[in-house]
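In what follows, a structure is listed as structure tokens, so that the remarks can point back to it.
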Amino acid sequence: MKKDFNYYNTLLVQSVGSKVGPIAPTITTSAAFGYEDAQTAEGIFSGEVNAPLYARVGNPTNAKLEAVVAKMEGGFAAIATSSGMGALSMVTTAFLKSGDEVLCIGGFFGGTYTLITETMKRFAVTNSFCEVDDMQHIEKKLKTGVKMVLMESVGNPSLRLPDIKMIADMCKVYETLLLVDNTATPLLVRPLELGADIVVHSSTKNISGHSAALGGVAVFRAVKEKEEKLLNEKYADIHKIVKKIGQKAFIPICKKRAIRDMGMTANAFGSFLTLLGLETLALRVERINHSVVEVAKILHKALPEGVDVNHPSLPSSRDHKMYRRDFINGCGPLLTMDCGTKARAFTLLNKLKLVTQTANIGDNRTLALHMTSTIYSDFDEATRTFLGVTEGMIRVSIGLEDPTMITEDFLQAAAAL
Ligand SMILES: *Cc1c(COP(=O)(O)O)cnc(C)c1O
């Protein structure tokens, strides 16, 4: 079946809702769960009996969310976490140990960048970074045995678009785990189907949509019987779990090696709110991705000299060709505007009436934020340049409002420049 917005509108409402009993998801807030008898307890702990153990390692409301997101991403299983950073730290700490290297491709969300370059580095996990299209560097690094490749489906805020399939194919050849952050492009890009091993989302953003629930989720493919990259010698420390559990091994790897000991678990109420967001995700994604192209086109033409709009749908964008090839339904809610200087960016921002200034993205409302004075204020010049962040840059996340009203707001604000 063609996986278009219609398909997802059906899939999501049907999977979030139930036909019998309460039709909306139920919220189970219990921290502990009674076991029927000692034998059942033993089975639950060994993983042979599928029932809740203790809320840190799983809860029925989270399980519902995990099942729906796994289906949506074409994955085998998922784990809901406390936030998007919770999902990223769960996966990185579950698979990496001191002495390992991560290859980071493209620009990154600020928190992901510091997770790798500061926190993981303190635990002696090394890293290197390269541009999305530097295939030579990617291959060279894969040959040296890096343990994990990390990238975002769309660079935030660089808006660079990677060739996910080509990178996934290379990771297959060199048996290296590929982790893709798909926060900006749920339903628009399905990295697992392109060959990625793990997908993470900050569900706080598009999936929830209402800025009402912090959350994250990691989705995994099934472990294969043959040609399984996890059986490569570099993953020797998890071979015991892979061999014992088989198909579903990604789950105990993450639960036993991260969640159990660090507790980046989702809470039931947050997962309930995220499930409500999921019901309308396809409607919102279709609307917003249509609007962002409209808004970019008009602003690109109508904004005064000295304000440059970047969005991959514009022929002037560096990745326009990739957009036309792989991202034709959209590449998420973001566009950027370079006003030249910080002062001009502040002037424009402070004249906006409809747009909300905040650090979030993927919200129902249109949001805007100056980059170097906020999220990237701790970053040096060279890092900002690499991440595609400029002094006059405003990041805009388009919402559900009338696109004409969004454009008019920016145009009236720009009149003050
Ligand atoms: C926001 C964001 C995160 C972090 O998610 P939180 O839910 O805020 O922890 C990770 N990756 C991307 C691309 C994001 O936009």
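The values are calculated or read from the model by the stated rules, or taken from the named source; none is laboratory data. Note that the structure is a prediction, hence the values are computed from the model and not measured. For neighbour counting, all protein chains shown are included, and Cβ atoms are generated from backbone atoms with ideal geometry for every residue, glycine included. When the accessible area is computed, the model is the full protein with side chains, heavy atoms only, and any ligands, DNA or RNA have been set aside. Shrake-Rupley method; radii C 1.70, N 1.55, O 1.52, S 1.80 Å.
Kindly provide the set of residues from the range 182-238 that are assigned to a loop (DSSP other than H, G, I, E, B), at pLDDT 95 or above and more than 16 Å from the ligand (Cβ to nearest atom), ordered by number.
Correct list: Arg190, Gly195, Asp197, Arg221, Ala222, Val223, Lys224, Glu228, Asn232.
Would you check if there is a residue in the range 95-107 being of a type in the set (Ser, Thr, Tyr), at pLDDT 95 or above and open to solvent by 10 Å² or more (accessible area, probe 1.4 Å)? Steps first, answer last, please.
So the first thing to find is which residues in the range 95-107 are of a type in the set (Ser, Thr, Tyr), and the list is 98.
From the residues that got through so far, the ones that are at pLDDT 95 or above too are 98.
Adding the requirement that they be open to solvent by 10 Å² or more (accessible area, probe 1.4 Å) leaves 98.
Yes, the conditions are met somewhere in the range 95-107.
For the range 205-230, enumerate the residues that are open to solvent by 20 Å² or more (accessible area, probe 1.4 Å) and touching a helix residue (DSSP H, G or I) at 6+ places or on another chain (Cβ under 9 Å).
Restricting attention to the range 205-230, the residues satisfying the condition of being open to solvent by 20 Å² or more (accessible area, probe 1.4 Å) are 205, 210-212, 214, 221-222, 224-227.
Within the range 205-230, Lys205, His210, Ala212, Leu214, Arg221, Ala222, Lys224, Glu225, Glu227 meet the criteria.
Select from the range 172-181 the residues that are open to solvent by 30 Å² or more (accessible area, probe 1.4 Å) and in contact (Cβ under 8 Å) with a residue 40 or more places away in the chain and write down the one among them that is farthest from the ligand (Cβ to nearest atom).
Step one: filter the range 172-181 for residues open to solvent by 30 Å² or more (accessible area, probe 1.4 Å), giving 172-175.
Filter once more, keeping what is in contact (Cβ under 8 Å) with a residue 40 or more places away in the chain: 172, 175.
On the way: Lys172: 24, Glu175: 26 Å.
Selected residue: Glu175.
Within the range 380-417, restricting attention to residues that are among the polar types (S, T, N, Q) and over 15 Å from Ala359 (Cα atoms), which residue is surrounded by the most Cβ atoms within 10 Å (Cβ to Cβ)?
Looking only at the range 380-417, we keep the residues that are among the polar types (S, T, N, Q), and these are 383, 385, 390, 397, 404, 407, 412.
Those still in the list that are over 15 Å from Ala359 (Cα atoms) too: 383, 385, 390, 404, 407, 412.
On the way: Thr383: 14, Thr385: 11, Thr390: 21, Thr404: 12, Thr407: 19, Gln412: 13.
Going through the qualifying residues, I end up with Thr390.
Which pairs have Cβ atoms under 9 Å, sit 6 or more apart or on different chains, and link a residue in the range 101-130 that is outside the structural domain of Val149 (by TED's automatic domain parsing) to one that is open to solvent by 20 Å² or more (accessible area, probe 1.4 Å)?
Going by the 9 Å Cβ cut-off, there are no qualifying pairs.
Got a number for residues in the range 56-81 being over 30 Å from Asn9 (Cβ atoms) and modelled with pLDDT of 95 or more?
Taking the range 56-81 as the starting set, the residues that turn out to be over 30 Å from Asn9 (Cβ atoms) are 56-57.
Applying the additional criterion that residues be modelled with pLDDT of 95 or more yields 56.
The total comes to 1.
For the range 56-82, which residues satisfy the criterion of being of a type in the set (S, T, N, Q) and within 16 Å of the ligand (Cβ to nearest atom)?
Result: Asn62, Thr81, Ser82.
Within the range 343-379, take every residue that is open to solvent by less than 30 Å² (accessible area, probe 1.4 Å) and assigned to a helix (DSSP H, G or I) and give me the one that is nearest to Met393 (Cα to Cα).
Ala345
Within the range 314-331, can you find the residues that are in a loop (DSSP other than H, G, I, E, B) and more than 21 Å from the chain's Cα centre (by Cα)? Lay out the reasoning, then the answer.
Taking the range 314-331 first, the residues in a loop (DSSP other than H, G, I, E, B) are 314-319, 327-331.
Passing the criteria: Leu314, Pro315, Ser316, Ser317, Arg318.
Has the range 8-21 got any residue that is within 27 Å of Asn156 (Cα to Cα) and surrounded by fewer than 22 Cβ atoms within 10 Å (Cβ to Cβ)?
In the first step, residues of the range 8-21 are kept if they are within 27 Å of Asn156 (Cα to Cα); the result is 8-9, 12.
With the extra rule that they be surrounded by fewer than 22 Cβ atoms within 10 Å (Cβ to Cβ), the set shrinks to 8-9.
Yes, some residue in the range 8-21 is within 27 Å of Asn156 (Cα to Cα) and surrounded by fewer than 22 Cβ atoms within 10 Å (Cβ to Cβ).
For the range 83-171, please list each of the helices (runs of 4 or more DSSP H) lying entirely inside it that holds at least 1 residues being away from the ligand (no atom under 15 Å from the Cβ). Working first, answer last.
On the way: elements: 84-95, 110-114, 135-143.
By residue number, 84-95, 135-143.
Filtering the range 354-378 down to residues that are away from the ligand (no atom under 16 Å from the Cβ) and hydrophobic (A, V, I, L, M, F, W, C), which residue is farthest from Gly209 (Cα to Cα)?
Leu354
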